[in-house]
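Visitor: The following block contains the structure, expressed as structure tokens.
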Amino acid sequence: MTSYRAFANRLVELQVLTEERAAAALAGIATWCPSLDEEIEPGAAPVDSFGIGVLIPDKVDDREEGYRTLFDEAAACSGGSVVIDDVELIEIEDGDEYLHFRRNGRSIWWEVDHRATRSVDVQTFGDFIGDLAPDDGREFFLLDSGEGYYGWHLLLTPGQADALREEFDLPLSEHGSGGIEGPQLSTAPDTHEWYVEWDRYYMNDESRRFLDMWITGMDEALELWRGDHLPDGFPFDFTPESLHALEQLVLDGYAAPDAVERPGDEFIEGAIRYMGETAVRSWPSRWAFEYGKSETDSRIKALVVRANTPDNLYNEVPPLSILKTVTDKREQGLLHDLMDNVAYVRLGLARDEHGSSPGIQVDQATSASRAHPIGDTGMPIGTVHQTWQTEVPDVYWPKSARVEVVTGQVVVSSRRKLDVLDATTGAPRWHYYEVPPSDSTEACRGSAGFRR
């Protein structure tokens with residue numbers, strides 16, 4: 001048997017709580033409990049009154065707010081060492097939902113599946129709650145209620161969990177959540193340098209040396225390739241459009257995928273360099289390797305270009321494999337489309353280091369001349385009446401859609417779509433759309449088109 005006061009004192013002794021936090025919790029309990037020394041049954045310790053855990057509810061009024069509340073409670077348990085912000089629940093075009101947030105600046109994505117109208121994804125939250133734990137040895141331990149992940153998750157060290165389990169008969173899980181996956185890096189989260197450091201952490205020495213040799217002297221190697229192998233007039237400007245010219249050279253010189261893999265082929269090596277540098281200079285990405293992660297697998301598998309995106313949105317393109325696909329399928333524009341996949345990761349939510357998303361942007365005209373008086377150009381004085389209203393279907397990620405009036409037309413832009421409407425009548429003028437490519441850099445292409 002124990003009491004509220006005894007439980008609080010033991011939490012202080014175990015260094016689960018400071019004396020100040022324990023005193024504040026007891027003061028709150030005293031407002032409704034007749035006596036802090038009243039005995040309570042074993043296994044019924046009032047963890048809800050001491051702020052040492054997170055309660056995953058079975059229902060919420062608003063999912064996004066529900067997640068924010070859970071994250072706030074988890075951060076509070078850490079004592080300030082974990083800061084969580086930018087919480088956003090995003091539904092993409094195929095109906096899948098992702099939860100995005102930043103933990104101490106690092107962008108994290110959870111794929112979530114809501115099985116009921118007013119619920120959070122309890123399974124995903126329980127599986128990945130370790131992402132919310134501080135980097136000090138504490139983990140979240142489930143206070144088992146017999147209902148899966150529903151219930152309390154207490155932030156404790158393994159030793160503290162053992163003591164509470166044994167002394168107070170708390171049904172805590174045998175194993176904690178672990179901490180956030182991946183190494184603790186020295187560079188600022190989600191910067192180009194951070195992603196490069198992440199790659200190098202997992203590479204073996206052979207891979208690091210090879211990648212360093214590949215990147216060192218890149219400009220000189222490309223200039224030599226240009227002089228030895230490229231015709232006059234080749235648009236050597238590292239723009240995505242220049243890949244069309246490179247594709248034609250590849251198709252003219254190589255009849256089948258096997259020909260691309262000839263050892264020591266200087267043209268193919270230069271083409272790989274040019275393709276990768278075009279991607280790195282055009283989109284937030286970096287040179288890397290598709291490498292073996294086990295200690296026994298030390299082989300360098302393939303040079304790749306990886307998008308600078310969180311691991312849950314992981315995407316990469318292998319230039320050599322793309323060249324083989326191009327010479328196999330022999331479809332015009334395929335080289336450009338497959339390389340373009342590095343810019344549009346699986347969700348089309350690739351973020352640069354400032355957090356912006358790629359998408360269709362509307363040009364805005366500016367002028368240095370004096371603006372007309374507002375009275376000459378604004379709406380007439382009086383009651384505003386609605387003259388037309390229309391639906392714009394299939395706007396991907398509505399939260400990011402932009403609506404602007406440009407030269408007498410209403411322009412609605414979103415990630416892969418542009419609708420232009422007559423500002424007077426609302427009648428559609430024209431429409432631009434893109435069909436997102438699939439995950440595979442080997443098999444699928446995106447497509448685009450106009451409709452008037």
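Visitor: Does V54 count as among the aliphatic types (A, V, I, L, M), in contact (Cβ under 8 Å) with a residue 40 or more places away in the chain, under 20 Å from V122 (Cβ atoms) and part of a loop (DSSP other than H, G, I, E, B)?
Guide: The answer is no for V54.
Visitor: Do you know which of the residues in segment 27-51 that are open to solvent by less than 70 Å² (accessible area, probe 1.4 Å), part of a loop (DSSP other than H, G, I, E, B) and without any contact (Cβ under 8 Å) to a residue 40 or more places away in the chain is nearest to L164 (Cα to Cα)?
Guide: This residue is A44.
Visitor: Suppose we keep only residues that are open to solvent by 30 Å² or more (accessible area, probe 1.4 Å) and assigned to a helix (DSSP H, G or I) within segment 252-265. Which one would you say is farthest from A279 (Cα to Cα)?
Guide: The extreme case among them is D258.
Visitor: State all residues of segment 11-25 that are touching a helix residue (DSSP H, G or I) at 6+ places or on another chain (Cβ under 7 Å), assigned to a helix (DSSP H, G or I) and either more than 12 Å from V47 (Cα to Cα) or without any contact (Cβ under 8 Å) to a residue 12 or more places away in the chain (or both); if no residue qualifies, say none.
Guide: V12, E19
Visitor: Mind checking whether some residue in segment 234-251 is in contact (Cβ under 8 Å) with a residue 60 or more places away in the chain, open to solvent by less than 80 Å² (accessible area, probe 1.4 Å) and acidic (D, E)?
Guide: Yes.
Visitor: Please specify each residue of segment 191-221 satisfying the condition of being free of Cβ contacts under 8 Å to residues at least 24 places away in the same chain and of a type in the set (A, V, I, L, M).
Guide: Listed by number, the list holds a single entry, M213.
Visitor: Here is a further query. How many residues are at pLDDT 70 or above, within 14 Å of H431 (Cα to Cα) and surrounded by 12 or more Cβ atoms within 10 Å (Cβ to Cβ) when one looks only at segment 380-402?
Guide: Adding up the residues that qualify gives 1.
Visitor: Quick check: is even one residue across segment 53-71 touching a Pro at 6+ places or on another chain (Cβ under 6 Å) and surrounded by fewer than 18 Cβ atoms within 10 Å (Cβ to Cβ)?
Guide: No, segment 53-71 has no match at all.
Visitor: State which residue is least open to solvent (accessible area, probe 1.4 Å) when the search covers only segment 207-233 and only residues that are outside any helix (DSSP H, G or I) and under 28 Å from K329 (Cβ atoms).
Guide: Here the answer is L230.
Visitor: Could you please let me know if D135 is open to solvent by 30 Å² or more (accessible area, probe 1.4 Å), farther than 16 Å from I180 by Cα and touching a residue at least 12 places away in the same chain (Cβ under 8 Å)?
Guide: no
Yes/no matrix, rows are residues, columns are (1) within 35 Å of the chain's Cα centre (by Cα); (2) more than 18 Å from S177 (Cα to Cα):
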residue: A27; (1), (2): no, yes
residue: D37; (1), (2): no, yes
residue: I52; (1), (2): yes, no
residue: L55; (1), (2): yes, no
residue: R63; (1), (2): yes, yes
residue: R68; (1), (2): yes, yes
residue: F71; (1), (2): yes, no
residue: G80; (1), (2): yes, yes
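Visitor: For the subset of segment 159-203 comprising residues that are among the polar types (S, T, N, Q) and touching a helix residue (DSSP H, G or I) at 6+ places or on another chain (Cβ under 6 Å), which member is farthest from F141 (Cα to Cα)? Let's see the steps before the verdict.
Guide: Filtering segment 159-203 for residues among the polar types (S, T, N, Q) gives 160, 173, 177, 184, 186-187, 191.
With touching a helix residue (DSSP H, G or I) at 6+ places or on another chain (Cβ under 6 Å) added as a condition, the list becomes 177, 187.
Numbers: S177: 6, T187: 30 Å.
Residue satisfying both the conditions and the ranking: T187.
Visitor: To continue, here is another question. Restricting segment 305-337 to residues that are within 29 Å of W194 (Cα to Cα) and surrounded by fewer than 16 Cβ atoms within 10 Å (Cβ to Cβ), which is modelled with the highest pLDDT?
Guide: Result: D311.
Visitor: So, in segment 162-185, of the ones that are at positive phi and open to solvent by less than 90 Å² (accessible area, probe 1.4 Å), which residue ends up nearest to the chain's Cα centre (by Cα)?
Guide: Result: G182.
Visitor: Let me ask another. Could you check, for segment 186-206, whether at least one of its residues is surrounded by fewer than 19 Cβ atoms within 10 Å (Cβ to Cβ), over 27 Å from the mean Cα position of the chain (by Cα) and in a loop (DSSP other than H, G, I, E, B)?
Guide: For segment 186-206, residues surrounded by fewer than 19 Cβ atoms within 10 Å (Cβ to Cβ), over 27 Å from the mean Cα position of the chain (by Cα) and in a loop (DSSP other than H, G, I, E, B): absent.
The values are calculated or read from the model by the stated rules, or taken from the named source; none is laboratory data. On a predicted model such as this, the values are computed, not experimentally measured, just so you know. Neighbour counts are summed over all protein chains in view; Cβ atoms, including those assigned to glycine, are modelled from backbone coordinates with ideal geometry. With ligands, DNA and RNA removed, areas are computed over all heavy atoms of the protein, side chains included. Shrake-Rupley method; radii C 1.70, N 1.55, O 1.52, S 1.80 Å.
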